[in-house]
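Nothing in this text is a laboratory measurement; each read-out follows from the coordinates by a stated rule. Just so you know, these numbers come straight off a predicted model, no measurement behind them. Positions of Cβ are backbone-derived with ideal geometry, glycine not excepted, and every protein chain shown enters the neighbour counts.
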């Protein structure tokens, strides 16, 4: 006899979210390989394209990453000459991150990625906007409970 209290995978919201995250991230791979960056590096670059000169902590807050995860990403991007890290003069414990010219040029190449992904997913703009709104709502609920 089956235990009715046992959670079933098919009834869980966490499992399809996990699979979608993993699979969609994988769908980005061929586009990002053309730019010689990984998906987490792409996230960092998007934050910097929107707001250059952020501190490492500010980038971490936007991406929900701690500095132990973020620092190696930044170092690899710096080795590729996409960004540079500078210690703040007023407080040398604080590191600010700036795009290089190469990093700014990369932005131009990355502009086609969202459209390519939308095409690959074959969802309407309304479907994508609805999904984004629902996911944002869940994320806000999670953040407000912390």
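A few notes on this one:
- In the chain, the longest principal axis of the Cα atoms and the axis of helix 101-110 are about 30 degrees apart.
- Residues of the stretch 113-146 with an amide N closer than 12 Å to a point placed 7 Å from the Cα of residue 64 along the Cα-to-Cβ direction: 135-146.
- Among 100-106, 40-46, the peptide with the highest mean count of other Cβ atoms within 10 Å heads the list, and the full ranking is 40-46, 100-106.
- Sorted by Cβ neighbour density within 10 Å, fewest at the top, the residues 138, 113, 37, 13: 13, 138, 113, 37
- Relative exposure of 47, 24, judged by other C-beta atoms within 10 Å (fewest first): 24, 47
- Highest mean packing comes first when the peptides 28-36, 48-56 are listed by Cβ atoms within 10 Å, giving 48-56, 28-36.
- Short-range pairs are left out: with C-alpha atoms under 8 Å and at least six residues apart, the relative contact order of the chain is 18 percent.
- With Cα atoms, 0 to 90° folded angle of helix 67-79 axis to the chain main axis: 50 degrees
- Ranked 18, 82, 39, criterion: other C-beta atoms within 10 Å, fewest first: 18, 39, 82
- Taking the C-alpha atoms only, the angle from helix 125-144 to the longest principal axis of the chain is near 80 degrees.
- The C-alpha atoms of the stretch 1-44 occupy a region whose extents along the principal axes are 54, 18, 10 Å, arranged from largest to smallest.
- For the chain, the Kirkwood estimate of the hydrodynamic radius, built from every pair of different alpha carbons, is 17.7 Å.
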